[in-house]
Amino acid sequence: MFCQNCGNQIDDNADVCIKCGCLINKSTKITEEKPINAMAIVGFVFSFILDMVGLICSIIARNQCKKTGEKGMELATAGMIISLVFLSFKVFAILLAIIISTFFLII
């Protein structure tokens, strides 16, 4: 656990913080927070740059967050949604280009 006054990591059974001398009681104990999943951050960032890489990283991150309980589930979900939106725009643009090119070949 951590001291609420200075943030120093202290023993769970400690009554006083060694660093700042603050009294520790049950109401001032702070539990350790889970870290944010790094793959979720990578997936979110790559969803804007390389959407396929972002989608894969975000899917992996969601699975890791479920297994480990780390933070980042929302970030991974956002990365997946953004990647899918960009991918659908690309597919639409490719299909539109094919349709237009075949139209001009017919004429």
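Just so you know, all these numbers are worked out from the coordinates, no wet-lab data involved. Because the structure is predicted, anything quoted here is derived from the model rather than measured. Positions of Cβ are generated from backbone atoms using ideal geometry, with glycine treated the same way; all protein chains shown enter the neighbour counts.
How big is the chain in terms of Cα radius of gyration and Dmax, in angstroms?
According to the Cα coordinates of the chain, Rg and Dmax are 24.2, 86 Å.
Would you be so kind as to identify which of Phe103, Ile81, Phe44 lies farthest towards the positive end of the dipole of the chain, taking Lys and Arg as +1 and Asp and Glu as -1 on Cβ and the Cα centre as origin?
About the Cα centre, the residue reaching furthest to the positive side is Phe103.
Sequence gap at least 6, Cα distance under 8 Å: using those rules, report the relative contact order of the chain to the nearest whole percent. Could the numbers behind the result be given before it?
Working: 143 pairs, mean separation 21.5, N = 107.
Contact order relative to length: 20 percent.
What do you get for the angle between helix 51-68 and the principal long axis of the chain? Use alpha-carbon atoms, 0 to 90 degrees, nearest ten.
Tilt relative to the chain: about 30 degrees.
Assuming R0 = 35 Å, can you tell me the calculated FRET efficiency for the pair Leu84 and Asn5, based on Cβ-Cβ distance, to the nearest 0.05?
Details: r = 46 Å, r/R0 = 1.31.
Efficiency computed from Cβ-Cβ geometry: 0.15.
For Cys22, enumerate residues with amide H under 5 Å from its amide H, sequence gap 5+ or separate chain, H modeled in the peptide plane.
Excluding prolines and chain starts, which carry no amide H, the hits are Cys17.
To the nearest 20 Debye, how big is the dipole of the chain about its Cα centre, given +1 on the beta carbon of each Lys and Arg and -1 on that of each Asp and Glu? Each step should come with its number before you reach the end.
On the way: 9 positive and 8 negative charges, 41 e Å.
The calculation lands at about 200 debye.
Taking θ as phi - 60°, what are the ³J(HN,Hα) couplings along region 9-18 by the Karplus curve (6.51, -1.76, 1.60), each to the nearest whole Hz, with x for Gly and Pro?
6, 10, 5, 4, 9, 6, 9, 9, 6, 5
5 Å is the cut-off here: which amide hydrogens, built 1.01 Å from N in the peptide plane, fall below it relative to Phe2, excluding neighbours closer than 5 in sequence?
Amide H neighbours of Phe2: Ile10, Ile30.
What spacing in nm lies between the two simple spin-label points modelled at Leu95 and Phe48, each 7 Å away from Cα in the Cβ direction?
2.8
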